[in-house]
Amino acid sequence: MEFRRDGLLNELGGPKDFKMETFNKADCERLLNEALSQSMFVAILVAFHIQFVQRDLSAAASKYCDSLEIKKQHWCDLMDLSLIEMQSYYTILQWCDALSLLICQRSIPPEGRSLEISDGPEGVTYFISATDKDCFTIDPWPFTLAEFTVNVERRLLNKLKFRNDKELQDALMDSFITIQQITFKKKP
């Protein structure tokens, strides 16, 4: 969904780092509406995520994030779920998002050193460390399986500067996709 909007380029014409984003109410509303077209459950998770990512960016962002509480409560009431339950589900999503960012940005330190992922829904802090190339362990181990492999899709752009958002969007859609296999293994 992120590539179907304007404002993807920085002032030099390169793709914006997501950490450079500023609050844009219209983008937040678009994301919420797209999520709501999938389900209220997804919309609530997206509302939590907007609050997590956007709240501290500006006074306008904080005000907008406060306004999402009414929508979240309304959707929870319609689904007969509590906000506490949804907060627990969102904490899992946020934990997975943090983990995927560490992996996709290749931020995990070498030589078995640990890096904090985030807290899980039960308040436990989780750490990741590399055990080998593209092989990681998480402590404490949160999964049922002792080992599993996931695929990460990577798109390689053949240039760093684009004339406009459409050119970047087209380049991303036409780019060569490589698959990186990541293995997670429980410590023996």
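Miscellaneous remarks
- Taking a span of 27 Å or more along the helix axis (Cα atoms) and a mean Kyte-Doolittle hydropathy of at least -0.5 as the rule, the DSSP H helices of the chain that qualify are 59-79, 83-104.
- What you get for the chain, charging only the Cβ of Lys and Arg (+1) and of Asp and Glu (-1), is a dipole of about 520 debye around the Cα centre.
- Computed [θ] at 222 nm, helices only, for the chain once each DSSP H run of length n ≥ 4 contributes -39500 (n - 2.57): -14500 deg cm²/dmol
- Relative contact order [Cα under 8 Å, 6+ residues apart], segment 112-188, whole percent: 32 percent
- Entries of Lys133/Lys186; Lys19/Lys72; Lys16/Lys159 with Cα pairs more than 22 Å apart: Lys19/Lys72
- Percent of alpha-carbon pairs separated by more than 27 Å within the chain: 43 percent
- Note that segment 69-123 carries a Kirkwood radius of 13.1 Å, evaluated over its alpha carbons pair by pair.
- Choice from Ser129, Ser37, Ser88 with maximal GNM fluctuation in the chain (Cα, 10 Å cutoff): Ser37
- Summarising the overall dimensions of segment 1-81 from its C-alpha atoms, the Rg and Dmax are 13.8, 48 angstrom.
We did not get these values from a lab; they are worked out from the coordinates using the rules stated. Predicted model only: the values in this text are computed from it and were never measured. Every residue, glycine as well, gets a Cβ built from its backbone with ideal geometry; the counts of neighbours run over all protein chains shown.
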